[in-house]
Amino acid sequence: MNKNKKWGIELTTEKPIYVVLFVSRNKDNPDVNDFKQRRNSFITTRTPEELMPEFETFVKKGVPREASRFYYSVNRRDPREIVRQLTHFLIDNPEMNPVTIDAKLAGIAATKECALEKKWMFDFDSTDPDKLVEFINDIKNIDNTLEIEINQTPNGYHVIVNHGFDIRTISEKYKGIAEVKKDDLKLVKVKINEGVI
């Protein structure tokens with residue numbers, strides 16, 4: 001038997017690779033008893049829907065009433081660049097703890113050099129749907145070739161566009177409301193651990 005097959009290792013993949021972060025933060029849990037920050041970061045070829053059971057497990061490992069977040073990279077990652085950067089890192093840091101390899105891979109994959117796409121994300125900090133529509137119309141007036149994806153967040157929306165554009169005319173108008181993040185992670189879900197003591 002091929003040793004790589006035995007351990008479920010694929011030497012190459014045609015599937016898109018993304019960065020995932022499960023995290024519970026102090027900011028979301030100020031009044032939760034016995035709370036300690038937790039995080040799990042890794043790279044994957046699975047979709048957010050396929051990762052939901054894993055996120056549910058992460059949520060349940062928290063204390064009761066702890067809020068956890070699930071983030072997923074906006075842009076696909078470049079497997080060759082990830083391997084190149086990891087190889088250099090391991091040569092320069094042979095003492096690295098191998099147990100932390102998943103987190104290190106995620107950190108490498110999240111760098112801008114590893115992005116295969118050029119999508120931008122705006123963190124739109126308003127829950128006003130009329131303001132959101134106005135923002136989208138302003139974007140389309142600047143570049144009508146943009147494809148726009150909208151994800152709701154606790155404080156507003158993530159507005160994702162398929163490529164960059166000249167944001168000078170909207171930067172001032174939406175100052176304090178819309179912040180461009182370019183290559184970043186989008187919020188997929190926030191969930192509270194409903195477990196009881």
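Every number in this text was worked out from the coordinates using simple rules, so none of it is lab data. Nothing here was measured: the structure is a model prediction, and the numbers come from that model. For neighbour counting, all protein chains shown are included, and Cβ atoms are generated from backbone atoms with ideal geometry for every residue, glycine included.
Annotations
- Computed over segment 120-184, the range of Cα coordinates on each principal axis works out to 28, 22, 17 Å, biggest value leading.
- By the count of neighbouring beta-carbon atoms within 10 Å, fewest first, 121, 96 end up ordered 96, 121.
- Under 13 Å from the Cα of residue 118 - aspartates and glutamates, other chains or at least 8 residues apart: 78, 147, 183, 184
- Charge tally for residue 110 (other residues, Cβ to Cβ under 9 Å; Lys, Arg +1; Asp, Glu -1): 0.
- Note on the chain: Rg/Rh from C-alpha atoms, Kirkwood Rh, equals 1.02.
- Over segment 36-104: Rg over Rh, Cα atoms, Kirkwood Rh: 1.04
- Relative contact order (percent, whole number), segment 120-184, Cα cutoff 8 Å, 6+ residue spacing: 53
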